[in-house]
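Student: Okay, handing you the structure first.
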């Protein structure tokens, strides 16, 4: 049963908050891996764990940049592993920026990119879908690599997010009325 008394938290807020939380949770976990583990790949994945982490976060930076030309204060180059603290700071920045872009999106808001005499155009709403789904896809690839190495990857599910943020409540029926 849906509880409508708890307030009007935006679905967009939850989607992007979960995305940021899951990225940070994965970075925290991967920070404990060895250099050899971080360099491990799997068939069907993007690349090594290290390269995929940089790719996920670099892509989120690029989505923001495509729309408003903004970059985080600390940046890194493609193919460069800047360290976990820089990646975590960037994830927090992109999380805030992507959420603001999502809130500003109207059905017909378009993004138009120019390069020389060519352009590409798409809706901002679709770019926001890309931002979330792209991160999920690559986090899953990293979890697969971790599983193949033997350890259990971090739980980045919506259920775990709800549990860790205190939004998941469990108890006996009727106890809440007491």
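The values are calculated or read from the model by the stated rules, or taken from the named source; none is laboratory data. Quick caveat, the model's predicted, so the values are computed rather than measured. Here the Cβ positions follow ideal geometry from the backbone for every residue, glycine too, while neighbour counts run over all protein chains shown.
Student: Looking at residue 138, is it over 18 Å from residue 64 (Cα atoms) and touching a helix residue (DSSP H, G or I) at 6+ places or on another chain (Cβ under 8 Å)?
Tutor: On the way: over 18 Å from residue 64 (Cα atoms): yes; touching a helix residue (DSSP H, G or I) at 6+ places or on another chain (Cβ under 8 Å): yes.
In short, yes.
Student: Would you check which residues across segment 121-134 are assigned to a strand (DSSP E or B) and either surrounded by fewer than 13 Cβ atoms within 10 Å (Cβ to Cβ) or within 16 Å of the chain's Cα centre (by Cα) (or both) and list them?
Tutor: 121
Student: Moving on to the next point. Tell me, which helices (runs of 4 or more DSSP H) lie completely within segment 18-120 with 2 or more residues that are free of Cβ contacts under 8 Å to residues at least 60 places away in the same chain and loosely packed, with under 13 Cβ neighbours inside 10 Å?
Tutor: Working: elements: 35-38, 49-68, 84-104.
The helices (runs of 4 or more DSSP H) meeting that bar are 35-38, 84-104.
Student: Hey, residue 148 hits all of (1) in contact (Cβ under 8 Å) with a residue 12 or more places away in the chain; (2) in a loop (DSSP other than H, G, I, E, B); (3) within 21 Å of residue 46 (Cβ to Cβ); (4) over 15 Å from the mean Cα position of the chain (by Cα) but one; which does it fall short on?
Tutor: Status for residue 148: all satisfied but (2).
Student: Quickly run through segment 151-178 and pick out the residues that are more than 27 Å from residue 50 (Cα to Cα), part of a helix (DSSP H, G or I) and under 23 Å from the mean Cα position of the chain (by Cα). Step through it out loud before you land on a result.
Tutor: Going through segment 151-178, the residues more than 27 Å from residue 50 (Cα to Cα) turn out to be 162-163, 165-178.
From the residues that got through so far, the ones that are part of a helix (DSSP H, G or I) too are 162-163, 175-177.
Listed by number, the residues that qualify are 162, 163.
Student: Moving to a separate point now. Going by what's in this entry, would residue 177 be described as at pLDDT below 90, in contact with a helix residue (DSSP H, G or I) (Cβ under 6 Å, 6 or more places away or on another chain) and either surrounded by fewer than 15 Cβ atoms within 10 Å (Cβ to Cβ) or within 19 Å of residue 16 (Cα to Cα) (or both)? Steps first, answer last, please.
Tutor: Numbers: at pLDDT below 90: yes; in contact with a helix residue (DSSP H, G or I) (Cβ under 6 Å, 6 or more places away or on another chain): no; either surrounded by fewer than 15 Cβ atoms within 10 Å (Cβ to Cβ) or within 19 Å of residue 16 (Cα to Cα) (or both): yes.
No.
Student: Consider segment 16-58. How many of its residues are farther than 21 Å from residue 151 by Cβ and touching a helix residue (DSSP H, G or I) at 6+ places or on another chain (Cβ under 6 Å)?
Tutor: Summing the residues that are farther than 21 Å from residue 151 by Cβ and touching a helix residue (DSSP H, G or I) at 6+ places or on another chain (Cβ under 6 Å) in segment 16-58 gives 5.
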